[in-house]
Amino acid sequence: MNEIFIHFYVAFIQFQAYLLTIQRIQFKITFIKLTYQVIRMIQEPQINPQLGPIIAKQMQIMIKQPIDGVHVIFNEQDVFDIQADIEGPVDTPFQGGVFRCKLILPPQFPQVAPKGLFNTKIFHPNVSEKGEICVNTLKKDWNPLQWSLKNIFEVIKCLLIVPFPESSLNEEAGKFFMENYDEYFKRAKLLTSIYAIKQDGNVLKGNNQNTNDEADKKNKLTQTQQKKENDQKKWLKRI
């Protein structure tokens, strides 16, 4: 019995030591992660929080005085989340589509221009396959003393009407635009129909994986309501 007890006691001590080792390792990992996060926060400059009210004010101006065909998406939780839906201009291959556009502010803003990005896939000479937008207003013509979100979105909308293939980010689109406009128009219109056509209100086809699920839910709800109405009519007839 004494030998069994001793073996059991030794195993228990070893198990306790093992648990203590695991806890120490977990603590070290947590400490390393926290240290890394702190270092990143110190090394990576952050956007000046004092710019928050300025951005919010400009977003409110765009809501009260909207640009034709540009619908601002105001995020009350994060004023630096600057997004808008831009309707494809008439008589362009983008007509009928809605393109989600986002501005990414660098830490040095407004000394450095924001980065324009289309989240909706688009075939355009001045928009890369990743959605990056190339326009002079956000490049060499950027003025840190005279800028406005309204002007930026106006310029991006105008870019859908008048591309600048000379400074193409999408070389294929730029080449088609210069050498075979009909093929460019056809390709751009095709991608618009696949990715940018609205379905069920503000849900964009190709941008939201839940589009079909939402449509099915809506159809089921409509069918249920119709069934209730039909049952009520039958009930009234019986009375």
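Read-outs: derived from the displayed coordinates by stated rules, not from any lab. For clarity, every value in this text was computed on a predicted model and none was experimentally measured. So basically every Cβ, Gly included, is an ideal-geometry build from the backbone, and we count neighbours across all protein chains shown.
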> Near Glu129, within a Cβ-to-Cβ distance under 11 Å, what is the net charge of the other residues, with Lys and Arg +1 and Asp and Glu -1?
Replying inline: -1
> Rounded to the nearest 0.05, what FRET efficiency is calculated for Lys175 and Ile104 with R0 set to 30 Å and r the Cβ-Cβ distance?
Replying inline: 0.60
> How far is it, in nm, from the label point at Phe74 to the one at Ala56 when both lie 7 Å from their Cα along the line to the Cβ?
Replying inline: 1.0
>> With every atom except the alpha carbons ignored, what do you get for Rg and Dmax of segment 53-169, in angstroms?
In response: 13.6, 39
>> Which residue, Phe185, Asn143, Gln111, has the largest displacement toward the positive end of the dipole of segment 87-188 when charges sit on each Cβ (Lys, Arg +1; Asp, Glu -1)?
In response: Gln111
> Taking Cα centroids, how far is segment 57-76 from segment 115-134 in Å?
Replying inline: 21
> Suppose R0 equals 41 Å; then what is the FRET efficiency for Cys158 and Gln23 from their Cβ-Cβ distance, rounded to the nearest 0.05?
Replying inline: 0.10
> Efficiency by 1/(1 + (r/R0)^6): what FRET value for Ala11 and Ile32, r their Cβ-Cβ distance, R0 = 35 Å, to the nearest 0.05?
Replying inline: 0.65
> Using unit Cβ charges (K, R positive; D, E negative) and no other charged atoms, how large, in debye to the nearest 20, is the dipole of segment 78-182 about its Cα centre?
Replying inline: 340
>> I need the fraction of alpha carbon pairs in segment 136-196 separated by more than 20 Å, rounded to a whole percent.
In response: 39
